[in-house]
Amino acid sequence: MACDRIISGKNESEKRIKQLQVDTCLLAEKLKIQHGEVTKALLGKNSVNDGTNNVAQATSSSSSTSADMDMFLLEQRTKLKQICEGNAKRLQDNNVFIQALHTIRDDLANKKHMGLQANGTPQTQQDNNDGDDSDDEPMDYTKLINDKINQMRQNAEEGVDDSIENHEFSREIRTKLGEKLPKQKKKRSRNSRGGGEDEDSDDDLEIIPDHNTGTNVNDLKCHITGMLYENPLKNKVCKHVYSKAGWQQMVRTGKRKCPVVGCTNTHVTQEQLEEDYETTRKVEQYKKRQEYEKSQARMYEDDDEDF
């Protein structure tokens with residue numbers, strides 16, 4: 001049944017959305033307000049961006065260029081936040097759509113079951129045998145699905161903050177950019193809409209102190225193999241990461257305690273593990289940077305030999 005095929009593809013749809021979210025957040029780290037690579041490259045150590053939507057006034061000709069760069073960075077950060085809000089909206093819409101299909105499928109299955117007679121004859125066939133020649137109109141599945149989606153959204157509105165600002169994707173991108181998370185809005189009913197007291201302003205944003213200057217190579221090494229992560233798996237329970245080869249080694253040796261020092265997860269199972277796309281991308285970026293630095297070093301060596 002087509003409905004079953006769509007429902008079974010739910011995980012794949014979510015995976016693509018989450019991968020886009022990971023890529024966006026990795027880019028955001030480069031645009032971090034205080035220590036992002038791109039931020040430091042454009043502004044140096046003295047940034048005039050205070051982490052809000054207010055750009056400091058330029059007081060000299062050199063400051064004017066810095067202010068322009070600051071405005072450019074602010075625009076890029078805003079675009080990244082808009083992308084993540086779009087990711088959150090797509091994820092929510094996807095979940096509602098799948099839930100609607102689940103409900104409709106179950107409802108139709110129940111009606112079909114209830115329509116069976118004690119002798120196993122479908123109700124529609126029994127009615128026709130009784131002399132009713134009227135044909136049932138074909139079911140409009142598109143309208144049925146849309147009505148169910150609207151109904152689910154309407155039911156979910158009561159007591160729920162309809163702003164996407166507090167979605168985990170939106171909060172994640174703000175953290176990656178080095179912004180202070182806005183205060184979470186109180187849940188409100190539809191009757192309370194229109195009031196201004198619950199609205200949060202961008203003025204609440206502040207810079208989060210962060211002295212991280214980049215990804216440490218040791219953070220990209222498996223605690224079991226001691227090598228850079230390959231086919232990394234993230235533990236959904238303790239959030240630690242292992243290479244696939246490291247996990248297989250744990251299985252062979254029968255050691256199921258998480259190898260990270262201090263972790264209280266004493267029995268790691270296959271069910272706890274999922275593919276870690278974020279770590280995969282970080283390792284890829286690290287390897288590309290290493291290759292670039294090696295190529296630059298070789299180029300300078302060749303130049304020295306020419307002299």
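All of the numbers you see were taken from the coordinates with simple rules; none came from a lab. Worth saying up front: this structure is predicted, and the values here are computed from it rather than measured. Reconstructed Cβ throughout: ideal geometry from the backbone, glycine too, with neighbour counts over all protein chains shown.
So if R0 is 41 Å, what FRET efficiency would K79 and T225 give, r being the distance between their Cβ atoms, rounded to the nearest 0.05?
Details: r = 38 Å, r/R0 = 0.93.
Plugging the Cβ-Cβ distance into 1/(1 + (r/R0)^6) gives 0.60.
May I ask you to derive the FRET efficiency for K294 and K18 from their Cβ-Cβ distance with R0 = 22 Å, giving the value to the nearest 0.05?
0.10
Given a cut-off of 25 Å, name the pairs among K244/K288; K15/K234; K81/K148; K79/K221; K176/K244 whose C-alpha atoms lie farther apart than that in the structure shown.
Details: K244/K288 22 Å; K15/K234 14 Å; K81/K148 30 Å; K79/K221 32 Å; K176/K244 27 Å.
In this structure, K81/K148; K79/K221; K176/K244 lie more than 25 Å apart at Cα.
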